[in-house]
């Protein structure tokens, strides 16, 4: 496979779908800023973060394993992953309920938050798994379509409801997200129609070498700090400040996600393909984050946004530093799996998440202000993620572990 074939068969459709999705996310952000009040945006952002955490934890990194473990048949492996994820989705409901009550802070109905998060998490779970499956079994058009349809549909529904029906509550935003993700989950239908073929545990010495327990712990750590960020920021600083931080993370955070889906995941799904260097993806992602924050700053200075969004200016460059580091590590996130270092990579991520949790919880108790805490958090994450990217970029082939060493705790 040549560079051109690699790009045309996987990276270009994945990037096209992700770029259209990014444009829809940016348009959705404009709708949120211009058509909705910070209070409604804050409530929706908390619901969206809870749902994302719930679905991500239920999947337990199944989409990554589906791509990395090329020696397993795609449909049986995806079917087993979906069934296991459904069971975890049910088991995690009590934890999600506690998070919904915590996030409400007595100012919003926790039951509504819980119900919306549960429904969105279920369909988002199907959409996330469908994206990985499409890279293995679907044509380029489907690879692009599964990525672009949900955000485009959600943005269109939110705008139509706000402009034509004058619905401007968090319920409209939640309903739009639910319908969009449900449309994306339709690409998972081949899994439901496939025969129930048992998947034999892998003995090949390639792909994801982590145990199921370690993958779940990694996912739990990611979800815990992301949910803690949304809920704790809203609880300490209020829904308006949480809305400023979370909407900026929602927009800029899509760029490292784009690097991951359009580059790292495609590389994992085509491990033997000839391709360009990963530094191009890293540079493009970092530039994109800087440009988004620059445009947002200019929009604030020009008065294009409501005065209620003035606090957003304080978040621009700390978040930019954070997300640039995320872009760098996303561009090389396939390398630990290709070089037998997935266990070390996960342990590094666990350490970064532990420090992030401390930087979220301790500063308010120590009397730090919002700005001091924000810069400490963003500075640590930007530096640690950049160092992790340098480590991954320098990996070289080595002898893979023996079968008895494949599944460390």
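Rule-based calculations on the coordinates, nothing more; no lab input. Keep in mind that this is a model prediction, so the values were computed, not measured. Methodologically, a virtual Cβ is constructed for each residue, glycine included, from the backbone with ideal geometry; neighbour enumeration extends over all protein chains shown.
Structural size metrics of the range 236-387, computed from C-alpha coordinates, are Rg and Dmax of 17.1, 53 Å. Spin-label model, residue 34/residue 70: points 7 Å from Cα along the beta carbon direction are separated by 4.5 nm.
Neighbour counting of Cβ atoms within 10 Å sorts the residues 216, 380, fewest neighbours leading, into 216, 380.
Return the calculated 222 nm mean residue ellipticity for the chain, to the nearest 500 deg cm²/dmol, obtained by summing -39500 (n - 2.57) across DSSP H runs with n ≥ 4 and dividing by the residue count. If you can, show how the numbers build up before the last one.
Details: 19 runs with 303 residues, N = 409.
Value at 222 nm, helices only: -24500 deg cm²/dmol.
Cut-off is 10 Å between beta-carbons; in what order do 309, 54, 164 appear when sorted fewest neighbours first?
Starting with the residue having the fewest Cβ neighbours, the order is 164, 309, 54.
Maximal additional length on extending the residue 111-residue 365 stretch stands at 88.5 nm, based on 0.36 nm per residue less the C-alpha distance.
Among 281, 175, 331, the residue with the largest mean-square fluctuation in a Gaussian network model of the chain, with springs joining Cα atoms closer than 10 Å, is 175. Entry for the chain at q = 0.09 Å⁻¹: log10 I(q)/I(0) = -0.52, Debye formula applied to identical alpha-carbon scatterers, no solvent contribution. Put a dot 7 Å past the Cα of residue 236, heading toward its Cβ, do the same for residue 164, and the two dots end up 4.3 nm apart.
Which of 237, 345, 315 ends up with the largest GNM mean-square fluctuation for the chain, with Cα atoms connected below 10 Å? Maximum among the listed residues: 237.
Helix 140-164 against the longest principal axis of the chain: what's the angle in degrees, Cα atoms only, rounded to the nearest 10? Between helix and principal axis, roughly 10 degrees. Taking the Cα atoms of the range 19-159, the ratio Rg/Rh between the radius of gyration and the Kirkwood radius comes to 1.02.
Ranked by how many other Cβ atoms sit within 10 Å of their own Cβ, fewest first, the residues 349, 244 fall in the order 349, 244. The C-alpha atoms of the chain define a longest principal axis, and helix 93-104 lies at about 30 degrees to it. Would you mind checking the tilt of helix 279-301 against the longest principal axis of the Cα atoms of the chain, expressed as 0 to 90 degrees and rounded to 10? Computed tilt is about 10 degrees.
Kirkwood hydrodynamic radius of the range 256-343, from the reciprocal of the average inverse Cα-Cα distance over all distinct pairs: 14.6 Å. Projected over every direction and averaged, the convex hull enclosing the alpha-carbon atoms of the range 43-101 yields 4.3 nm².
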